[in-house]
Amino acid sequence: PYAGIFDKTWNEILYPTADGDTLQWTKSAGATHYGLIDDQNDQTDYVYTSVDGYKDFLVMGNTAQFPTGAIVKYLNIYVVAKRSSGCYSSQIMYIDLIANGIRYNLGQFTPGNSYVTFQLQKITNPITGVAWTKNDIDSLKLCVRSYMFTSCTFYIASLWVTPQYQGDVSISSFLFSAPTKSYVYKYGGTVMDDTRTTGYNISGLPITAT
């Protein structure tokens, strides 16, 4: 039987879990800002602003599937946003990284008149200039920031990040399950289900007792 190493990549979705120390956008309802945007599909609640330069700081959740020895290939940032009909196309939103009270711009986008999901991908941490680390992800704080010069309103309904991890998995780490479930394996002490992760499909391997 094969006794080598498999290369494995997988994603993890992290939502805001707390409000930061600057909260200038307005809540549509509720007690917290992060609680209005910590999902992907609910657009019935949101944060919004009509003021140029207003900022909201959000504390993102910690990693839960980061085995020892893995690396972060890149970080995707997703925002579901729209603008009011009175906005110009040159009026934009910024996404910033917050560290030690300093803002580092990650990117910008121009919302439309209906909700659209915008994606920013960052291979390296703009603060360090090198690949993201687990500590970077676990201490991640983001800022949404408005830029407008006429009557305009921006709305954000969702915000999340998706780091992609990569690591090596040895054949000895695989736990093969019943034939009704192609395979379940563990890596670095974390048990992972192939129906919830991405990577190489090895379900064609023979099911054995070892």
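The values are calculated or read from the model by the stated rules, or taken from the named source; none is laboratory data. Keep in mind the model is a prediction, meaning the values are calculated, not measured. Methodologically, a virtual Cβ is constructed for each residue, glycine included, from the backbone with ideal geometry; neighbour enumeration extends over all protein chains shown. All accessible areas refer to the heavy atoms of the entire protein, side chains included, with ligands and DNA or RNA removed. Shrake-Rupley method; radii C 1.70, N 1.55, O 1.52, S 1.80 Å.
If you scan segment 133-152, which residues turn out to be modelled with pLDDT of 95 or more and either in a helix (DSSP H, G or I) or of a type in the set (Val, Ile, Thr) (or both)?
Residue satisfying the conditions is VAL144 alone.
Restricting attention to segment 117-132, and to residues there that are touching a Lys or Arg at 6+ places or on another chain (Cβ under 9 Å) and part of a loop (DSSP other than H, G, I, E, B), which single residue is most open to solvent (accessible area, probe 1.4 Å)?
Restricting to residues being touching a Lys or Arg at 6+ places or on another chain (Cβ under 9 Å) and part of a loop (DSSP other than H, G, I, E, B), the top hit is ILE123.
Which is open to solvent by 50 Å² or more (accessible area, probe 1.4 Å), touching a Phe, Trp or Tyr at 6+ places or on another chain (Cβ under 9 Å) and modelled with pLDDT of 95 or more, of LEU14, LEU23, LEU58?
Answer to the check: LEU23.
Output the number of residues of segment 61-83 satisfying the condition of being surrounded by fewer than 16 Cβ atoms within 10 Å (Cβ to Cβ) and either in a loop (DSSP other than H, G, I, E, B) or more than 20 Å from the chain's Cα centre (by Cα) (or both).
Qualifying residue count, segment 61-83: 4.
Which ones in segment 37-58 are under 20 Å from THR162 (Cβ atoms), among the hydrophobic types (A, V, I, L, M, F, W, C) and outside any strand (DSSP E or B)?
Hit for segment 37-58 is ILE37, nothing else.
Only residues that are among the small types (Gly, Ala, Ser), loosely packed, with under 12 Cβ neighbours inside 10 Å and either touching a Gly at 6+ places or on another chain (Cβ under 8 Å) or within 21 Å of ALA18 (Cα to Cα) (or both): list them for segment 92-116, please.
Within segment 92-116, GLY101 is the sole residue that qualifies.
Of the residues TYR155, TYR147, only one is hydroxyl-bearing (Ser, Thr, Tyr) and within 16 Å of LEU58 (Cβ to Cβ); which?
Checking each option against the conditions leaves just TYR155.
Being outside any strand (DSSP E or B), within 27 Å of ILE127 (Cβ to Cβ), open to solvent by 40 Å² or more (accessible area, probe 1.4 Å) and not hydroxyl-bearing (Ser, Thr, Tyr) is the requirement here; does GLY30 meet it?
Answer is no for this residue.
Hey, could you check segment 140-167 for residues that are under 19 Å from ILE98 (Cα atoms) and more than 13 Å from the chain's Cα centre (by Cα) and say which is most open to solvent (accessible area, probe 1.4 Å)?
Here the answer is TYR147.
Please name all residue pairs, on different chains or six or more residues apart, with Cβ atoms under 7 Å, provided the first residue is in segment 59-74 and is farther than 18 Å from GLN121 by Cα and among the polar types (S, T, N, Q) and the second residue is part of a loop (DSSP other than H, G, I, E, B) and open to solvent by 50 Å² or more (accessible area, probe 1.4 Å).
Within 7 Å, the pairs are THR68/GLY188.
For the list (1) in contact with a helix residue (DSSP H, G or I) (Cβ under 8 Å, 6 or more places away or on another chain); (2) open to solvent by less than 50 Å² (accessible area, probe 1.4 Å); (3) modelled with pLDDT of 95 or more, I need the number of the one condition that PHE6 fails.
That leaves (3) as the condition not met.
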